[in-house]
Amino acid sequence: MKISIIGIGRLGGALAIALAEKGFEIENLTGRKTKTANKIAEFIAPRPNILKTGELSKISSDAIFITTQDSEIVKVAENLAKNLRNKPFVYHTSGSLSSEKLAKLKEIGCRVASLHPLVSISNARLGAKHFAGAYFCIEGDEEAVQAAKDIVEKLGGKSFSIETKFKMLYHASAVTACGHLVALIDVALEMLKKCRLSEKNAQEILLPLVKSTVENLQTQTTAQALTGTFARADLETLRRQIAVLSENVSAEAFEVYLQLGQRSLHLAELQQNGAGGEKIDEMRKIILLAKNNFKC
């Protein structure tokens with residue numbers, strides 16, 4: 001299968017390298033920055049053509065991946081619809097947008113779908129190795145979805161499909177699990193730095209704990225994996241933590257602690273199968289009072 005990729009950033013570059021390593025022929029790389037595309041091309045054999053955004057009419061690949069920013073996808077799809085000489089599979093890799101954004105291409109006979117890898121790509125070269133074992137969310141035309149599943153399998157990934165109407169909700173879940181996790185760690189680092197540790201030391205100290213929690217989640221439900229103050233329904237520790245946090249951290253960090261504390265209590269109830277209900281109810285009251293006093 002010959003593939004062209006439009007939008008050579010971190011994800012587009014990682015896909016180009018990974019697909020080439022699995023035997024796909026990367027025919028063309030297209031992006032605003034030809035310098036970036038040329039750097040990616042160095043890792044691919046045979047070397048792909050580097051096309052400018054105004055040269056879409058030169059593309060005649062079997063499949064096209066649109067890996068641009070979300071705001072550019074419709075524009076690229078419309079340009080392709082005007083310039084394509086064949087009817088390839090066309091995929092965009094947005095997590096939040098559905099295949100409906102490729103409507104203009106579908107109108108001219110292309111098979112279209114969205115294909116979003118649930119993986120964090122911070123560097124194209126390193127990211128190419130992260131697709132193996134990762135899950136890919138696919139939705140769109142039946143034929144395009146099936147072809148995408150075959151591509152994902154060759155990358156060593158796993159695929160699943162959702163209804164088009166749920167694409168944005170799916171993406172919000174991914175943002176919460178990935179981006180918000182980073183933000184949550186940043187909140188924890190803020191707290192630990194108040195203990196007069198450097199940010200580097202704080203991060204080194206917390207990461208093994210985070211890794212052990214993620215490992216627990218590989219074999220346990222979220223309720224089973226919950227540990228600490230809320231899992232134990234430890235009233236006194238909660239009171240002391242609220243007191244020290246209210247005096248030492250930002251309002252934002254304090255609010256995050258209280259909001260997640262409420263969710264943790266829900267998990268604690270599931271974990272204890274209804275046991276310890278009185279303590280959990282009392283903890284809820286303590287959190288609510290703290291939120292009201294702090295106006296969260």
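Below is a table of values for the structure above.
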{"quantity": "Of residues in the range 78-112 being part of a helix (DSSP H, G or I) and of a type in the set (A, V, I, L, M, F, W, C), the one surrounded by the most Cβ atoms within 10 Å (Cβ to Cβ)", "calculated": "Leu102"}
{"quantity": "Scan of the range 129-148 for residues that are crowded, with 19+ Cβ neighbours inside 10 Å and either free of Cβ contacts under 8 Å to residues at least 24 places away in the same chain or in a strand (DSSP E or B) (or both), ordered by number", "calculated": "Phe136, Cys137, Ile138, Glu139, Gly140"}
{"quantity": "Residue within the range 14-22 that is within 21 Å of Cys110 (Cβ to Cβ), touching a His at 6+ places or on another chain (Cβ under 7 Å) and crowded, with 16+ Cβ neighbours inside 10 Å present", "calculated": "no"}
{"quantity": "Output for the range 1-44, where each listed residue is part of a loop (DSSP other than H, G, I, E, B) and either at pLDDT below 95 or among the β-branched types (Val, Ile, Thr) (or both)", "calculated": "Met1, Ile8, Gly9, Gly31, Arg32, Lys33, Ile44"}
{"quantity": "Unique residue being at positive phi and within 16 Å of the chain's Cα centre (by Cα) when the list is Gly157, Gly133, Gly127", "calculated": "Gly133"}
{"quantity": "Test: residue in the range 166-182 that is assigned to a helix (DSSP H, G or I), of a type outside the set (Asp, Glu), more than 30 Å from Leu245 (Cα to Cα) and touching a Lys or Arg at 6+ places or on another chain (Cβ under 8 Å)", "calculated": "no"}
{"quantity": "Ser173 being in contact with an Asp or Glu (Cβ under 6 Å, 6 or more places away or on another chain) and farther than 29 Å from Ala37 by Cα", "calculated": "no"}
{"quantity": "Restricting the range 167-198 to residues that are among the charged types (D, E, K, R) and out of contact with any helix residue (DSSP H, G or I) (no Cβ under 6 Å at 6 or more places or on another chain), the residue that is surrounded by the most Cβ atoms within 10 Å (Cβ to Cβ)", "calculated": "Lys167"}
{"quantity": "Residue among Leu126, Leu115 that alone is at pLDDT 95 or above and farther than 30 Å from Ala253 by Cβ", "calculated": "Leu115"}
{"quantity": "Residues of the range 47-67 classified as among the β-branched types (Val, Ile, Thr) and closer than 11 Å to Arg85 by Cβ, total", "calculated": "1"}
{"quantity": "Scope the range 118-128; condition in contact (Cβ under 8 Å) with a residue 24 or more places away in the chain and assigned to a loop (DSSP other than H, G, I, E, B); matching residues", "calculated": "Leu118, Ser120, Ile121, Ser122, Asn123, Ala128"}
{"quantity": "So Lys101, is it within 19 Å of Ile151 (Cβ to Cβ) and among the charged types (D, E, K, R)", "calculated": "no"}
{"quantity": "Residue within the range 137-151 that is touching a Ser or Thr at 6+ places or on another chain (Cβ under 6 Å) and over 25 Å from Glu107 (Cα atoms) present", "calculated": "no"}
{"quantity": "Residue list for the range 232-289, filter: closer than 23 Å to Thr176 by Cα and polar (S, T, N, Q)", "calculated": "Ser250, Gln259, Gln262, Ser264, Gln271"}
{"quantity": "All positions within the range 246-287 that are of a type in the set (D, E, K, R), crowded, with 16+ Cβ neighbours inside 10 Å and within 33 Å of the chain's Cα centre (by Cα)", "calculated": "Glu255, Glu269"}
{"quantity": "Leu115 being outside any strand (DSSP E or B) and touching a strand residue (DSSP E or B) at 6+ places or on another chain (Cβ under 7 Å)", "calculated": "no"}
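Residue-by-condition table, conditions (1) aliphatic (A, V, I, L, M); (2) free of Cβ contacts under 8 Å to residues at least 40 places away in the same chain; (3) touching a Ser or Thr at 6+ places or on another chain (Cβ under 8 Å):
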| site | (1), (2), (3) |
| --- | --- |
| Gly7 | no, no, yes |
| Leu11 | yes, no, yes |
| Lys35 | no, yes, no |
| Ile44 | yes, yes, no |
| Val76 | yes, no, yes |
| Asn86 | no, yes, yes |
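The values are calculated or read from the model by the stated rules, or taken from the named source; none is laboratory data. These numbers were taken from a predicted model, which means no experiment stands behind them. Neighbour counts are summed over all protein chains in view; Cβ atoms, including those assigned to glycine, are modelled from backbone coordinates with ideal geometry.
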